[in-house]
Structures are given as structure tokens and as C-alpha cells.
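Asks: Below is the structure I would like to discuss, written out as C-alpha cells.
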Amino acid sequence: MTVEFPSASPANDEPVASRRDFVAAAVTVAAAAGAAGSAQAQTSPVVRFMNPQGMSQPAYSHVVEVNGPHRTIYFSGQTAADANGKVATTFRAQAIQVFENLKMALASVGATFENVVKTNTYLTNAPVQLPQLREIRDMYLNKAAPPTSTTIQVAALANPAYLIEVEATAVLPPRA
């Protein structure tokens, strides 16, 4: 599922109806501020919210793409659930599934791990899981130019079966 929203804000004085409208309006303001000094005309960014095929279809978006002077894509925290909702039981298998889910989400917008500029990782037992995470993460991420990264230990994730969750942000050139 893909939903696109132009970033122009509503002409009336009604409050913003949704988070998506808020994000679109914020992106418009940021783009306008960045373009203020530019002599070239800039088109307003378009915000797309997606749940790519092959991934679970939750009540949130796996991918948000902002297309303007460049595309900034925000990926929801990916868990070890496969397209059928099955969750592996070991940390290693879960971490691999998480990065495979991220790979699918990146591919849905023409990106790879080379485009990832930021990751946030949530672990349920960092002292035990971190060495395995580093090994698996290195199989996917760009080691020559690694993204910024934050790893946090949490008491629990949304599903008690989840041991890891990783969210990411990627930057790509604008769509032609």
C-alpha cells in the first residue's frame, strides 16, 4: 500500500487532521526555509507512506519517503516478523530477519544499505545481544561509511517474542 500526500497545507483554518498532514506541512516549511536563498524555483516535496509487498501490513507505515531537493526516507522499526507474522525464536535469527525486512523496505524505494544514514536499534538484553548484533549488522551496513547509530536496551518491545527492533533513515537523490 502506498499513499501520497502533496505537501501543500490546507487553505482553511482547520487544525491539521493527522500526523501525515503534520509531517507534510513540516516538510514544506523546512523545504521553503532551505530554498529561500536559492535562485532556482523549487517544487514542493511530496510525502509517500508505504507498506511494501512481502512485508507485514501493520497499522503504521513501514516506509515514509520525502521527495524534494533530495529524498529522505524514514523506515519504521523493523522486527523479526516475516510476511506471515512468524517470529524466529533465537536472537541471531531475529536479527537476520530484521535486516532482511529492512533490505526489502529499502528496495521498495530504490535504496540499499549504502543509502542509510541513521539507525536506531532496540535490544532487550544488550550485554548478551550486542556482539551478535555487530556481526550481523556488518553483513548488511556500509562498513566503509557507516551510518550514525544509536543502540538502546529496553525492558520489552511491542510483542514479548521480539528481541530486537531496528529503525532507519536513508537519503537518496530526488525522483526524476
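Each reported figure results from applying straightforward, stated rules to the coordinates on display, with no laboratory input. None of these values were measured; they are calculated from a predicted model. No Cβ is skipped: glycine too gets one built from the backbone with ideal geometry, and neighbour counts run over all protein chains shown.
Asks: By average Cβ neighbour count within 10 Å, what is the ranking of 139-147, 159-167 from highest down?
Replies: 159-167, 139-147
Asks: Using the number of other C-beta atoms within 10 angstrom as an exposure proxy, rank His62, His70 with the fewest first.
Replies: Neighbour counts put them in this order, fewest first: His70, His62.
Asks: Another question, if that's okay. Sort Val64, Val116 so that the residue with the fewest other Cβ atoms within 10 Å of its own Cβ comes first and the one with the most comes last.
Replies: Starting with the residue having the fewest Cβ neighbours, the order is Val64, Val116.
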